[in-house]
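What follows is calculated from the coordinates using simple rules that are stated; it is not laboratory data. This one's a predicted model, so the numbers in the text were calculated from it and none came from an experiment. As a convention, Cβ positions derive from the backbone with ideal geometry for all residues, glycine included, and neighbour counts pool all protein chains shown.
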Amino acid sequence: MIVVHGTRAFRDRVRGPAVTPGETSTTVLGAWYATVVRWRRPAALLVNESTLLPLVMPLAPAKTLLDRLPDALAELLYEHRVPD
C-alpha cells in the first residue's frame, strides 16, 4: 500500500481515504508527500519521503489520480533504470 500525505489543496481536489496516525507504507520506498502545482494545466507533485525522488503527473482527472499513481511510479522507476 502506498501512503500519500497531501497538502490541504491536494486533499481538497483528490479524494481518498485519509491517512491515520501510525499508518505506514508497505512499499520499499515508503511514504509520498503530494501537493498541487498550479500551472496552465494543474499537476500533482509527489515527492518520496526517503529518497526525495519527485514525480509530476497530470492532476486531471483528480478523481483517478491515486489509481494512476502506481503505473506512473513504475514508469518513473523504469526510466531511472531501477531493476524490477
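For the stretch 4-27, which positions are β-branched (Val, Ile, Thr) and over 15 Å from Ala44 (Cα atoms)? Give the steps one after another, and end with the answer.
First, the residues of the stretch 4-27 that are β-branched (Val, Ile, Thr): 4, 7, 14, 19-20, 24, 26-27.
Result: Val19, Thr20, Thr24, Thr26, Thr27.
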Exercise for the section: Give me a count of the residues in the stretch 42-70 that are among the polar types (S, T, N, Q), surrounded by fewer than 13 Cβ atoms within 10 Å (Cβ to Cβ) and either within 12 Å of Val4 (Cβ to Cβ) or touching a Gly at 6+ places or on another chain (Cβ under 9 Å) (or both). Expected result: 2
Practice task
Mind counting the residues in the stretch 6-28 that are in contact (Cβ under 8 Å) with a residue 40 or more places away in the chain and either among the small types (Gly, Ala, Ser) or within 17 Å of Ala72 (Cβ to Cβ) (or both)?
Solution key: 3
Practice task
Identify the single condition in (1) touching a Ser or Thr at 6+ places or on another chain (Cβ under 6 Å); (2) free of Cβ contacts under 8 Å to residues at least 60 places away in the same chain that Ile2 does not satisfy, given that it satisfies every other one.
Solution key: (2)
